[in-house]
Structures are given as C-alpha cells and as structure tokens.
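S.K.: Handing you a structure now.
Coordinate-derived values only; no laboratory data. Keep in mind that this is a model prediction, so the values were computed, not measured. Here the Cβ positions follow ideal geometry from the backbone for every residue, glycine too, while neighbour counts run over all protein chains shown.
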Amino acid sequence: MVNILKERRNQVHRKGKEPWVLACEKSSVAGSVSQRACVFCGSRVVLYPVADALHIVHGPIGCAAYTWDIRGALSSGPELHRMSFSTDLNEMDLVHGAEMKLYRSLVELIDTYQPRAAFVYSTCIVGLIGDDVEAICKRTSAEKGIPVLPVEAPGFAGTKKDGYKAACNALFRLTGTAPVDDVPPHAINILGDFNVAGETWIIRNYYERMGVHVVATATGDGRVDDLRRLHGAKLNVVQCSGSMTHLARSLEDKYGIPYIRVSFFGIEDTAAALYEVAKFFGDSAMLDRTRALVREEVAAIMPELKTYGEDLKGKRAAIYVGGAFKAFSLVRALRTLGMRTVLAGTQTGSAEDYEQLRDICDPDTVIIDDANPLELCTFLKEQGCDVFIGGVKERAIAYKLGLGFCDHNHERKEALAGFIGMRNFAREVHATVMSPVWRLVPSSGVRERREVGV
Amino acid sequence: MSPHATATPTATQNACKVCAPLGACLAFRGVEGAIPLVHGSQGCATYIRRYMIGHFREPMDVASSSFGERSAIFGGKDNLHKGLKNVIKQYKPRLIGVASSCLSETIGDDLRMLVRQFQEDRVGNDDPVVVPVSTPSYAGTHDEGFHATVRAIIDRLTTTAGPRCGSMVNVLPGIVSPADIRHLKEILRDFGLDHVVLPDYSDTLDGPAVAEYEPIPSGGSPLRGIARMAQADATLVLSSMLSPQQSGGALLEERFGVPERRLGLPIGVRQTDRFFRTLEDITGRPTPPVHALERGRLVDSYVDAHKYVFGKRVVVYGEEDLVVGLAAFLDEIGAVPIVCASGGHSGRMQKEIAAHLERGLGETVVLDGADFADITEAAAVAQPDLLLGNSKGYSVARQLGVPLVRVGFPIHDRMGGQRVLHLSYRGAQQLFDRIANELLRRMQDDCPVGHAHY
C-alpha cells in the first residue's frame, strides 16, 4: 500500500481480502492531514442550528470566522444562528485575562439581539489563560434572566466526538426547565437532524402525518423553549447517531425515555425510521397511516428514480462522511440506484459502526477511518470510481481526479433526507455522473479502471 | 500592536478578517514544492483548508501537528516532530512551512527552537527546508500572517551567494488572486525582467485539470529564485500598510542592500502608471506597447461609461491594501468610496486613503479594525449604490438591497474568485466593466420601461 503511514495501517480494511481489524476512535496522527476538525467543531456543528440562541465563541477570531454562516441549517423564524460572534481575543486579553471582555460582550449582545439563551464556546486557549467561563455565564444568566451555557470545547481536548458530547451536555442543561403537561401521549423528539435545506421539516411532516407529536427537534430549526421540553417526549428518534446519542442516553438515564437510532437517507431507511416509531406506540391506526404514507411517497418518486437508474446502473461510488450512520444509508441508497460502493469511510465511526458497515458493503470495498487526501486519492484510483460523496474538502479531490461529486455535508443546499430527499440525491448523482464535461478532462485513469474492474 | 487592538472592548460580530495562520498557509502554498503545517489543534488546519477550498476550488492540503491534551500540557515538540516526519514521508515536499497557532504560542512553544532540534536530530537525512513562522491568531489578521510568512521565507531561504546578474526584481504582491500573479509575471516578462514573485500561487491554487493528481501541485516561487532574491536590483512591495518590521522588502534591503520600493497595489490607471514607471526606471525601457494599448483602451472605456459611475457611492472592504487600491481606483473614475473598511488595523489606512483621494476624505468614512456589524451600520448611514469587496459582505448587500461586486478574498458564493483580475490596466478594465454593468443592470431592472439600449 502506498502512502499509508505506519500508524494508520490498521485504520484501513479491504473487505474479504484480509482478516477484520479496524482501529478507530483514535486521535488523528500528526502530519497525516486528517479531514477531521476538532472538539470545537463538533460542538459547533451540533448547536449551530439553535436559531434563537446567541452563539459566542470565546477565543481569538479564527474559530468564529470559519464557522460564520457556513451551514445550510434553515430556521422557520429567527436567524440569530447565522451570525458569528467572537470575543476576538488579542495579546492584552491574554495577559490580563478576558473574563470581563466576555462579560461585556455577552451583556452587549444579549441586550442587542434578545436571544432566548446563549451558548459560550471555550476554544483552545481559554482554559490556559485561566478564564472562569462558568462563573461569567452564571453571572450573566442571573443578570439577564436567560440561560447562559458554557460549552467546554478546546480544540485539542479530544476529537470532534468529544465536541458532540460537550454540546449534548449544554443541551441537557436546558432540558427539564419548562413544563410538559400539555404534551400528548404519542410524542417524540427528533435528535440529530440539523434541518439542512429544510430536512427536519420534511421528517417532521412525515411524523405529524402519522399522528405523532414532535416535542422538540434537536437541533434542526431548534428553539430554546422547545429544547427545555425535551423531557416531555416518550421516545427519542436519533439520526446522525454519532452526534446525539450522548444526549439520548442522558435523557434515558434521567427521564427513562428510550431512544432508537434511525436514518432518513434513502427509501429503506426512511421507511424503517417511520415504521419503528409507529410500532413503538403500538397503535394500529398509526401503523396504517404510516403504510399509506410510505406507499404514497415512494410511488411519487419511483418513476423518476427508475429513469436515473438506467444511466447509473453499475456505476461505482465512494463515500467519505462524518458519521457512520450516514454511510450505511448511502450504501443502501446507492444500491437503490443500481450503484455499487467501492470505498466507504468516516471521520468518527466506532468499532460497532464499522462492523455494521463491513456487513452491508460488497466484497472488495475499502473501509477507512479518519482518512487523509493522499489515501483517498490512492484508493479512489485503485478502486475505480465514478462519483465521490462527501463534503467540500472531498469535492476538491474528486474534481481534480476527474470524478463526479455529491455534497452530503452540512453545507449542502439540497435536501437529501426523506423520500423526496432520495429523489434529490438521485438527481444530483445523475447530474454529476452524466455530465459531458468529464469527456474533456484529461484521464486520470480513475474511470477506465472501473471498466477493467467490472 | 496597534492601539486599536486594545480599544475593542466587546465582541466582534461577523468578522472582516480571518486568523493569521490562514495567511501563512496561503503564502506557503505559493512556494515550489511546499506544504504548510499548522502547529496546533487539528481543527485549525481543517478549517483553514475548508475556507480556502471554498474560494480557490482546488485541493488544499494543510498538515497539522494535531495537538492533544498531552501536547497542550507538556508542549508540542513530540507532535510537531512526528508531524514533520509524517509529512516528509507522505508528500516528499521540498519545503515545509510551519505556522504557529494561538494554542502553541500560549503554551510557550518556541517554534524556531523546535524546528532547529528537529533538524539536528535528523542530520544526514535529505530533508526539506523547514520554515517556521510565528502566527498566533490573537496578534494579527490573515493579512499580517501572510506578510509575516513572506518575510520568514526570505529570512530562511535568501542567501548572498552568487553575483548580480542582469536586471532582476523581486515582487512581493501581498494577498492578490492567482490571476493577478499571472498577470504581474506577464508584465515583468514583457519588460524583459528576470524576476521572483513571492509567493506565486498562480498555478498551485488555480491549476489545470490534469491526468495525474499531484499531492503538491506544480508551480510556486522557485526555491532557487527565492535564494537569489538578494541579487535583485529592487524589491517592489505592493503594500503601503506594512511596517519595516513586517516587510520582506525591508529585510532584503537591510540584510542584502536590495532597495525596497514601496508601491500600493496597482489598481486603476494612476497607481498602475506608478507601477509601470517604476519598472521603466529599473529597466530603462519604455512600457511595452501591449500594456500601453491596454491603458489606452481602459481610459477610452472610462470615457464611455463615466456618467454611469459618476457620484456613485461605494462601500469598499477587505484587506487594507486592497481597500486603499480600490478607493483610489473608484476616485479616479468619479465614484465615491463612501465607506472604506478593513478588519486590519495597521493604523495607516486612513492617511493612505486620504492621500489617494483627489479632494481628500470629504464624506468618506474609514473604519479600521472593523467587523461587518460596523460596516452595516456605516453603510446604512451612507446609503451606497454598490458594495465592492469579498463575498462575506453579501448579507449586508442583501439587507440594504444594494448590488455587490465581488473582488478580493474570499469569494465563496460565486465561481472564479481565483480568476478575478484586479491589477494593472487589464485588471482595472475588468473591475470597471463589472462595476459599470452592475450599475446599468440595476438601472435597467428598476426602470418600468426596461430600455434595451444604454
């Protein structure tokens, strides 16, 4: 294997070609050029869509600037989450400490924007300069009468997953602070959907049509007052399990609310996510409504999917995404289109996730944890491929290799969840694979190798 | 540090800058065979990559020393050394540029010493050159990080070896587009001048479609050329904002006696004339006819459209040198740079702008150390006809219902940001046509008749 660092060799597996070993949940290797970000990023991703909260990044300017309005998470009301606030620490702040700057910033911003809560993200150096962020949050909260929640997220203190946890902890502090007496019996929370391009709305609509009440969506189209009532649901439906399982567990431990892990990508997974909820409530009328809904939605998209499938049959895809649940769904969704996944990787999969991924993938698929650009290039070429599904960093690699690309990250502007999302996904994959521009691109061999491989 | 940095008592809202290590990475990407490494948390490198990919739409490998808690407590030496080794193994670079971060600087890592130790440990290996640069994000913007890196590269690579040979110039352009750098090189070639442009990311960050993926893209300022900068007749520094301590040109003058010629960015007729006069001076040759003709056509087009731009009020923002250059250009076409803003805070911008405006500042408001909240506020008062700057001002433009002509860095919401030409007569021609056409579009769209001729 070319280009694989020694420390990373057991983070790559070829299904069926070698005994199963896949190391994961490790810190990124220095110098490897990981596609991952950091703890701060994890926390910011999860909390970002809470639209009526103030999100202030305590630290020098970079962390706030790089996360300013970068996601496609929509709000049906306030849009405070699309602003970027930073204490923008300078040298003097480092010398004298920045607690007062944080305090003054909070006061000014709360007065100006009247948020329902504030999240204060501590970045790398905040702990090092000795700021007591918790104390400032307490003081401001008392003075302003809104929750001001510290999010302990120094970039170096773990991986992106630890950031998810920090975010979940902050959300959990909101939980249980509002009454839930009016919540009807068939009530769920949708956790781990971020309303990218309105996806939470799509999913919520399905459940409501089934007769399920949605108490809170965390955090897509999120509102502080809803999040305070997370404890009112009977079931937590957890998508993007990596980011929100921690919150689901906390809700289970404290309030005895069970959770299920689901995905809303692809026909099979979306249908399963709806049926599971109907079954949980054990209501036969609801189950009937669900069947009708699925039938109707699938019928609406199938003709179009079929036409794409004719062009896409036998094409090969690579997947590199943040979390493993999305990868599972994508493997299945691609199969629906007659395509085959030849490379599947994630930034943050767990051992259990990777076993499941291995089981649903075809033989010869390369499975990879915390990949870097050179590894991705090597395997894309080796495997032969037509389309790469990932985020913006993967896009640049795909295009340079002469491959189609579909954005499945939080920055996308196209809804890919639910049945309608499957149609959008198929459209996008079809458009990128079938574009005539590839015929003008000097051949990197990546597509030809596919022909040999077939 | 400028007085302004201490005078910001509260939060920065929607920053008009990013952090210093990004500037370092951008500069390092313009050196032959070079790859940047950010000494800090994994997120720093990843965020910087994503931000730059969004603009340049090219693969953007930036390594990281991937700090963990251990490094934050005991120092980043082990991770840095491991990172360097792994980068060497994977990329076989000719140069590794190591930028420090707020984290590494706060814990007191001495980057120069750590790099020296690395090199001492590896005597006998055919290692690349390692260039450390101090770029804590609390002590400057991306622009300052960029210039500090140019200076650090010269400091490390330029030697006195070799005689002066024929006429040669160094050009330090600052943050301009790949298209600008290509054009600058064309001008220098047309003058028959041997030259080194540092950095030169005209190929590395705006590369062609290629058959073979290059882990480090071809191009960049040649290492041998950088070494020879000491032999040049002059260094043209296209910045009027830098202090002598920040300027690579000042370093070349001080250390090797190469005269530093400070020019602003050659944007518009007057400033480009000054640039060409300097080249005439150095070479003793007249401006090549092709450029004289471009100047003539530019002035001719100014005449054709002068009434459409006259008196139009324009909000300009971006890096300080870009703002100064654009303000001067707007002034010479009869438009009014009514708000001139930058996240930078050299303290020199206001004076420089005043000097470039034919009738002095007048109504013009100059904001340094500004964020987009300041710009929005000033723009709301100024009632502009147009915004001129990077894509981060889009929300302001949308809010005010005013068109935005996208220039500078970053342009995240349009294609071709890497190919926007700002410099010389040809660049001014493109800027002028775009601005005039945007104003015409507005006039035409707003007109109830919808005239077909203007």
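S.K.: Any chance you could run the full-extension gain for A:Val437 through A:Glu18? It's 0.36 nm times the residue separation minus the Cα-Cα distance, nm to one decimal.
M.R.: That pair, A:Val437 and A:Glu18, stretches by 147.1 nm at full extension.
S.K.: Taking Cα atoms of chain B, Rg/Rh with Kirkwood Rh, to two decimals?
M.R.: So for chain B, dividing Rg by the Kirkwood Rh gives 0.98.
S.K.: For chain B, calculate the relative contact order in percent as a whole number, restricting contacts to Cα pairs under 8 Å that are 6 or more residues apart.
M.R.: Rounded, it is 17 percent for chain B.
S.K.: Okay, next question. Considering every residue in A:81-87, what mean count of other chain Cβ atoms within 10 Å of its Cβ is obtained?
M.R.: 5
S.K.: If the limit is 27 Å between Cα atoms, which of A:Lys26/A:Lys165; A:Lys15/B:Lys85; A:Lys393/B:Lys85; A:Lys6/A:Lys381; A:Lys381/B:Lys77 go over it?
M.R.: From the list (A:Lys26/A:Lys165; A:Lys15/B:Lys85; A:Lys393/B:Lys85; A:Lys6/A:Lys381; A:Lys381/B:Lys77), the Cα-Cα distance tops 27 Å for A:Lys15/B:Lys85; A:Lys381/B:Lys77.
S.K.: Summarise the long-distance tail of P(r) for segment B:20-157 by giving the % of C-alpha pairs beyond 18 Å.
M.R.: Roughly 49 percent, once rounded to a whole number.
S.K.: Next question. Classify segment B:294-446 as rounded, prolate or oblate, taking a ≥ b ≥ c as the square roots of the eigenvalues of its Cα gyration tensor: rounded when a/c is under 1.5, otherwise prolate if a/b is larger than b/c and oblate if not.
M.R.: Taking the square roots of the gyration eigenvalues as a ≥ b ≥ c, segment B:294-446 is rounded.
S.K.: Once the piece of chain linking B:Arg297 and B:Ala354 is laid out straight, how much longer is it, given 0.36 nm per residue of separation minus the C-alpha distance between them?
M.R.: 17.7 nm
S.K.: List the GluC sites (Glu not before Pro) within segment B:359-454 that DSSP assigns to loop and that have no more than 13 neighbouring Cβ atoms inside 10 Å.
M.R.: Listed in order of number, the matching sites are B:Glu363.
S.K.: So which trypsin sites (Lys or Arg not before Pro) in segment B:308-365 are both in a DSSP loop and have at most 14 other Cβ atoms within 10 Å of their Cβ?
M.R.: Loop-located and lightly packed - B:Arg359.
S.K.: Rank B:Leu22, B:Ser218, B:Val269 by how far each Cα sits towards the positive end of the charge dipole of the protein assembly as shown (+1 on Lys, Arg Cβ; -1 on Asp, Glu Cβ) and give me just the farthest.
M.R.: B:Ser218
S.K.: Looking only at GluC sites (Glu not before Pro) in DSSP loops with at most 14 other Cβ atoms within 10 Å, what is the longest site-free stretch of chain A?
M.R.: With a cap of 14 other Cβ atoms within 10 Å, the longest stretch comes to A:80-454.
S.K.: For a test of the definition: using alpha carbon positions, the gyration tensor, and the 1.5 limit on a/c, classify segment A:39-174 as rounded, prolate or oblate.
M.R.: Rounded is the answer for segment A:39-174, as its axis ratio a/c remains below 1.5.
S.K.: For peptide A:391-404, what's the mean number of Cβ atoms from other chains within 10 Å of each residue's Cβ?
M.R.: 5
S.K.: May I pose another question? How far is helix B:289-309 tilted off the main Cα axis of chain B, in degrees rounded to 10, range 0 to 90?
M.R.: 50
S.K.: Please label the shape of the protein assembly as shown as rounded, prolate or oblate, based on the square roots a ≥ b ≥ c of the eigenvalues of the alpha-carbon gyration tensor (a/c under 1.5 means rounded; beyond that, a/b larger than b/c means prolate, else oblate).
M.R.: Because a/c hits 1.5 or more and a/b exceeds b/c, the protein assembly as shown counts as prolate.
S.K.: Nearest 5 is fine: what % of DSSP beta bridges in segment A:68-217 come out antiparallel, could you say?
M.R.: So the antiparallel bridges in segment A:68-217 amount to around 10 percent.
S.K.: Taking the Cα centre of each part, how many Å lie between segment A:62-119 and segment A:162-208?
M.R.: 23
S.K.: What trypsin sites (Lys or Arg not before Pro) does segment B:132-173 have in DSSP loop regions with at most 13 other beta carbons within 10 Å?
M.R.: Here the trypsin sites (Lys or Arg not before Pro) that fit, given the DSSP loop and packing criteria, are B:Arg164.
S.K.: Could you work out the local net charge near A:Glu199, counting Lys and Arg as +1, Asp and Glu as -1, over the other residues with Cβ closer than 11 Å to its Cβ?
M.R.: Local net charge: -1.
S.K.: For helix A:99-113, what angle does its Cα long axis make with the longest principal axis of chain A, in degrees from 0 to 90 and rounded to 10?
M.R.: 80
S.K.: Please give the calculated 222 nm ellipticity per residue for the protein assembly as shown, where each DSSP H segment of at least 4 residues contributes -39500 (n - 2.57) and the sum is spread over every residue; nearest 500 deg cm²/dmol?
M.R.: The per-residue figure over the protein assembly as shown is -14000 deg cm²/dmol.
S.K.: For segment B:20-157, what does the relative contact order come out to in percent, with C-alpha contacts under 8 Å and a separation of six or more?
M.R.: This gives 35 percent for segment B:20-157.
S.K.: Could you check what % of the DSSP bridge pairs in the protein assembly as shown are antiparallel, to the nearest 5?
M.R.: Of all bridge pairs located within the protein assembly as shown, approximately 10 percent are antiparallel.
S.K.: Now for a separate question. Would you mind finding the longest exposed-site-free stretch of chain A, with exposed trypsin sites (Lys or Arg not before Pro) meaning DSSP loop and at most 13 other Cβ atoms within 10 Å?
M.R.: Value returned for the longest uninterrupted segment is A:27-312.
S.K.: Over what distance in Å are the Cα centres of segment A:352-390 and segment B:349-384 separated?
M.R.: A separation of 52 Å, based on Cα centres.
S.K.: Same structure again: Compute the Rg/Rh shape ratio of segment A:333-408: radius of gyration over Kirkwood radius, all on alpha-carbon atoms.
M.R.: Taking Rh as the inverse mean 1/r over Cα pairs, Rg/Rh reads 0.94.
S.K.: Same structure again: Output the Cα-based Rg and Dmax of segment B:126-260 in Å, rounding Rg to one decimal and Dmax to a whole number.
M.R.: Taking only Cα atoms of segment B:126-260, I get Rg and Dmax of 15.1, 45 Å.
S.K.: DSSP beta bridges in chain A, what fraction antiparallel, as a percent rounded to 5?
M.R.: Percentage antiparallel, nearest 5: 10.
S.K.: Okay, moving on. Averaged over peptide B:371-379, how many Cβ atoms belonging to another chain are found within 10 Å of each residue's Cβ?
M.R.: That average works out to 1.
S.K.: So what is the relative contact order for chain A, in percent, with contacts set as C-alpha pairs under 8 Å and at least six apart?
M.R.: After rounding, I find 17 percent.
S.K.: Between helix B:111-121 and chain B, what is the angle of the helix's C-alpha long axis to the longest principal axis, kept within 0 to 90° and rounded to the nearest 10?
M.R.: 40
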